[in-house]
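Step one of this worksheet: look at the structure below.
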Amino acid sequence: MLRALGELSPHKRDLPTSLELSLALDCASEELNKAFVETFTLPVDEVLHYLSSECLAKSIIPLAEWQETTLIHARRQEAKEYTFYYNFYETYAGELLLASTEQGLCVSLFSFMGRAEVLKRIEEEFHPKVLIQSSCPFHEDALYSLSRLGRGVSLPPLHLFGTPFQCKVWEAMLHIPSGRCCHYQDLATLVGKPRGAQAVGTAVGANPLAPFIPCHRVLPRTDTLGDYYWGSALKALVLLPELISSPLY
């Protein structure tokens, strides 16, 4: 599925048809359609419609709602004072590593690069006091929230390690409800930097808790998918179930 979604350009408004997609992937249209129905319960062309500029523009919402959760802010260098408890979990978007301190969920990373590389990244970026492989209730609560597409359930406490500006941007993204999106400029305005969309984009890209802090719901002004740290294909894979189940469409 990621290979199919990878054929979509993150910055083009025109999407391929199911026939064009099957030709690009060198597979039968029936086979491709079956894979989309199994993943999204809809045929290819209907799924792609949700990623059209028309639908993405309709999903844009003023940032007024708030997703309740407990937020703990700390500077990145303070992470070395904490033990990180981590484990790997299967989700609809792929395997996730979740890590938490005793105060809250602090890291979420897709493990496409391999488990050893993900653990190495945590060591290099956070320098935790100790890394212990162990499940915990924070992980379970986060996974339950993800299984419900972020609707009707609160996230566990979040322990954010970053600069004050980064934490402010990450917190602002929790204003974006499931099934809706916003522009980078909207986030910049919300955090008091209306001319700072580029700086906001950098902070969005440094989000340590995707998809729980929903950077996949932030779009460029062109109402296209735009960039994503893990690639636009994964952004589409995470975003599509939320859009498809939204009462907006």
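The relative contact order of the chain comes to 26 percent, based on Cα pairs under 8 Å that sit 6 or more residues apart.
Considering only I72, T202, F88, the residue lying farthest towards the positive end of the dipole of the range 71-218 is T202, judged by Cα position with unit charges set on Cβ. Beta bridges per DSSP, both residues in the chain: antiparallel share near 50 percent.
Dividing the Cα radius of gyration by the Kirkwood radius, what Rg/Rh value follows for the range 71-218?
On the way: Rg = 14.8 Å, Rh = 15.6 Å.
Computed over Cα atoms, the ratio is 0.95.
For the range 1-50, the calculated P(r), taken from all Cα-Cα distances in 10 Å bins from zero up to the bin holding the longest distance, is 26, 63, 10 percent. Of all the options C106, C181, C27, the one that moves most in a Gaussian network model of the chain with Cα springs shorter than 10 angstrom is C27.
Under the combined filter of DSSP loop state and at most 15 neighbouring Cβ atoms within 10 Å, the range 39-91 retains these chymotrypsin sites (Phe, Trp or Tyr not before Pro): W66.
Compared with the dominant principal axis of the Cα atoms in the chain, helix 137-147 is inclined by about 20°. Taking 28 Å as the straight-line reach from the Cα of K129, the lysines in range (excluding those fewer than 8 positions away in the same chain) are K80, K120, K168.
Given [x] 54, 39, 31; [y] 76, 36, 29; [z] 58, 41, 35 as candidate values of Cα extents along the principal axes in Å, which corresponds to the one derived from the coordinates? Correct label is [x].
The trypsin sites (Lys or Arg not before Pro) found in the range 51-137 that occupy coil by DSSP, while having at most 13 further C-beta atoms within 10 Å, are R75, K129.
Expressed per residue, the C-alpha convex hull volume of the range 9-107 stands at 193 Å³.
Only sites in a loop by DSSP and with at most 16 other Cβ atoms within 10 Å count here; which trypsin sites (Lys or Arg not before Pro) in the range 202-249 make the cut?
R221
Read the figures in this text as sums done on the coordinates, not as results from a lab. These numbers come from a predicted model, not from an experiment. Positions of Cβ are backbone-derived with ideal geometry, glycine not excepted, and every protein chain shown enters the neighbour counts.
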